[in-house]
1. Of everything in segment 124-155 that's open to solvent by 40 Å² or more (accessible area, probe 1.4 Å) and touching a Phe, Trp or Tyr at 6+ places or on another chain (Cβ under 7 Å), which residue is nearest to Val89 (Cα to Cα)?
2. Identify all residues within segment 49-101 that are aromatic (Phe, Trp, Tyr) and under 18 Å from Ile152 (Cβ atoms); write none if there are none.
3. What's the number of the only condition in (1) outside any helix (DSSP H, G or I); (2) free of Cβ contacts under 8 Å to residues at least 24 places away in the same chain; (3) surrounded by 18 or more Cβ atoms within 10 Å (Cβ to Cβ) that Leu121 fails to meet?
Amino acid sequence: MKRVVGSPGTWSGMALRLSQCVFAAASVFSLVSGFGYSNYGAFFFLILALILQLMWSSRLAYKDIFALRNKKDLHTRDNLLFIVTVDWVVAIFMFSGSCASASLTILFLWDVNLCNAYSRLACRQFALSVVLAFITWLLQAASSFSGFWLLISFF
């Protein structure tokens, strides 16, 4: 059995999942604490994607902790197929939400100068939230690729 860094049931996999949870929670907090986020659909989509990411990553982190404490093997074909499939769906969802919010933030900051016209709009917090969301997506992509690599080794 191969041991791939970041795969389910390993210390590195647990660290990846916990860091995904931390960055997703920080991104949600940064976005929600700013004024004016609820008026735009892209930010709502990002919050939805981040909450899905937070729930999925925390579930897999709990599963990793359980497997490490009880010395269980999570590298079965059916388990990996389910984890990899949902990982890819969540990664695509996160990427699309991050890109939509990034384009809206760039529009506000640089193209129409809406942030200068409306000083109450929390554009810097929006930008911070988008950066944290992209970091979350990068961590999710690393988990997805490691699980996919391990799944390929079965065939």
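The values are calculated or read from the model by the stated rules, or taken from the named source; none is laboratory data. Small disclaimer: the values here were computed from a predicted structure and weren't measured. Positions of Cβ are backbone-derived with ideal geometry, glycine not excepted, and every protein chain shown enters the neighbour counts. Surface accessibility is based on the protein's heavy atoms, side chains included, excluding ligands, DNA and RNA. Shrake-Rupley method; radii C 1.70, N 1.55, O 1.52, S 1.80 Å.
1. Here is the first cut: in segment 124-155, the ones open to solvent by 40 Å² or more (accessible area, probe 1.4 Å) are 124-125, 128, 131, 134-135, 137-138, 142, 145, 148-149, 152-155.
Now narrow it down to the ones that are touching a Phe, Trp or Tyr at 6+ places or on another chain (Cβ under 7 Å): 135, 137.
Values: Ile135: 17, Trp137: 12 Å.
Only one residue tops the list, namely Trp137.
2. Just the residues of segment 49-101 that are aromatic (Phe, Trp, Tyr), to begin with: 56, 62, 66, 82, 88, 93, 95.
Listed by number, the residues that qualify are Phe82, Trp88.
3. Single failed check for Leu121: (2).
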